[in-house]
Structures are given as structure tokens and as C-alpha cells.
1. Highest mean first, how do 44-52, 25-33 rank when packing is the count of other Cβ atoms within 10 Å averaged over residues?
2. Using only Cα atoms, tell me the angle between helix 177-196 and the longest principal axis of the chain; keep it within 0 to 90° and round to the nearest 10.
3. Please turn the phi angles of region 112-120 into ³J(HN,Hα) values with the Karplus equation 6.51 cos²θ - 1.76 cosθ + 1.60 (θ = phi - 60°), one per residue in order, whole Hz, x for glycine and proline.
4. Within straight cross-link reach of K65, meaning Cα distance under 12 Å, which aspartates and glutamates are found once same-chain residues fewer than 8 apart are removed?
5. Stokes-Einstein diffusion coefficient for region 136-201 at 10 °C in a medium of 1.306 mPa s, Rh from the Kirkwood formula over Cα pairs: what value in µm²/s?
6. Using only Cα atoms, find the angle between the long axis of helix 3-24 and the longest principal axis of the chain, and express it within 0 to 90 degrees, rounded to the nearest 10.
7. How compact is the chain by the rule of thumb for globular proteins, expressed as Cα Rg over 2.2 N^0.38 Å?
8. Helix 122-171 versus the longest principal axis of the chain: what angle, 0 to 90°, nearest 10, using Cα atoms?
Amino acid sequence: MDKASIVGTLLMTFIVGLVCYQATHGDLMALWSSKGFYMVIIGSIAAVLMSMPLDRIMMVPGYVKKFMFNKTPPTIDTINLAVLLAERARRDGILALESEIAKIDDPFLASGLKMAVDGVEPDTIEATLRLEIMAMQDRHKSGKKFFDLLKTYGPGLGLVATLMGQIGMFKNLGGDIATMGYMLAVAVVATMYGTVLANCVAGPMGDKLAYRAGEEILRRELVMQAILSIQAGENPRCTLDKMAAFIPASTRASLKAA
């Protein structure tokens, strides 16, 4: 579970709810506008459907799950596992790792080790693993793209609804003041919907997914270098040095000392 995402979501929900309650003096229905909802929320969904392939949109629950629950193993744990595998391969030969592959939870690491144990050429292993990294990067881009589209079109459609509300208000100038007030409320509430969607939901979620994607790419690069080092029969200390280049200097020093 990503504690930062959970706490941030709860805090944002509380803040928005508190401000809405105080602004309306407890009459939250004053913030409801069916016209604004249709234009901003339903309209944003329509815009996303027009902008992205359906198969990528069907992956949205996975994107949300990735935002809320981070299952990527810590980099230090990955490095420690790779060093243990390197020591085993150095001591007993790379074929000794065949029995360890089934115990590895990381499919990327397990796949690379299997190729190394099978005697696949290093260039082929690297090319195959890089293709996997590129495919993963493309999937993650789709997740960020979904939320970027919401962040872009939500406020824009809110502005459209605002203009419509203003047109209705101008049309009734000199008429019923209640009707003019209602149309003005539609305009303001629709703008609020688009702003909240962009800044309180889509923007933060998209940025978190982009961060997680970069983190996972870096971790897979680390794993790939470890696999190539193990296959080459290098000293485990050399394997550790290569992987240590991917982590901060402070963590690197403590890792090497251990």
C-alpha cells in the first residue's frame, strides 16, 4: 500500500469537503448542478473515449490500483537478492541458479536469469529485456495520458459550461432575477467541477504514476545490469558496484559497508 497516496487522498477529500461545507454554510446541495456534471464529468469521459483506444481505457482500474498500492519491491531488497545470486553463481556455477528461478517473485528478474542459465548470448538478453522495459514504459505512459486528458479537458469543458450559463443569464437580463441567479450558479459550479477534477484528482494521480513509472524503469535497468554481470561470471563485488550506481550516495555507502 502506498501510504502517501492514501494519506494524500484522504487529506484532499477532507479539505475539499471542509471548504465546500463552510462556503455553503452546510447546504452542500448548493454545489450541485446537473448541467455542470453532464458537461464536465460526462464530457471529460467522452473526450477521453475520443482520444484513447478502448483497450487502454479498460486498463483504468489498474492505473488507479497502481496509484493506491505500490507493489514494486524496494531497490535495496532487489540488490541484496542479486548479490546473493551472484555469489551462488560464482561459487557453484550459473547452472546452480536454475533451482532459484522458481522462488523469485519478480517476473523480469526471473525471465532474465532463465535466459542467462540457458546460455543465451548477452546481447540477446539485453535486447530482449530492453524490449520488455519499452513495453512497460508504453503501458505506463497510457496511464499518465488518461489522467493528463482529464486534467486538460475537465477545466476546458467547465469553461464551456460557464459560457453556456452566461449566455442563459444574458438572455434573461431584465427578467426574473431568480432565473439569472440560477444560470450564474450553473456557470460558477461548472468551473469549480473542472478545476477540482484537474487539480485535486487527475493532476496528482497522473504525476504519481509518472514517478512510479520512472522508478520502475530504473529498477529494471538495475536488474538487467545485475543479470549481465552474473552471466559474465564477474565478482559479486563488481555486481554490487554496478547496481549501487542506481541508488543515492548515502544509501550506497551503507549498502557497501554491509
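1. Result, highest mean first: 44-52, 25-33.
2. For helix 177-196, the angle is close to 10 degrees.
3. Each residue's phi maps through the Karplus curve to give x, 5, 4, 5, 5, 5, 6, x, 5 Hz.
4. List returned: D2.
5. Numbers: Rh = 13.1 Å.
Roughly 121 µm²/s, to the nearest whole number.
6. 10 degrees
7. Numbers: Rg = 26.1 Å, N = 258, 2.2 N^0.38 = 18.1 Å.
Normalised Rg, Cα atoms only: 1.44.
8. 10 degrees
Values quoted throughout were computed directly from the atomic coordinates according to the rules given, and no laboratory measurement underlies them. The structure displayed is predicted, hence computed values, not measured ones. As a convention, Cβ positions derive from the backbone with ideal geometry for all residues, glycine included, and neighbour counts pool all protein chains shown.
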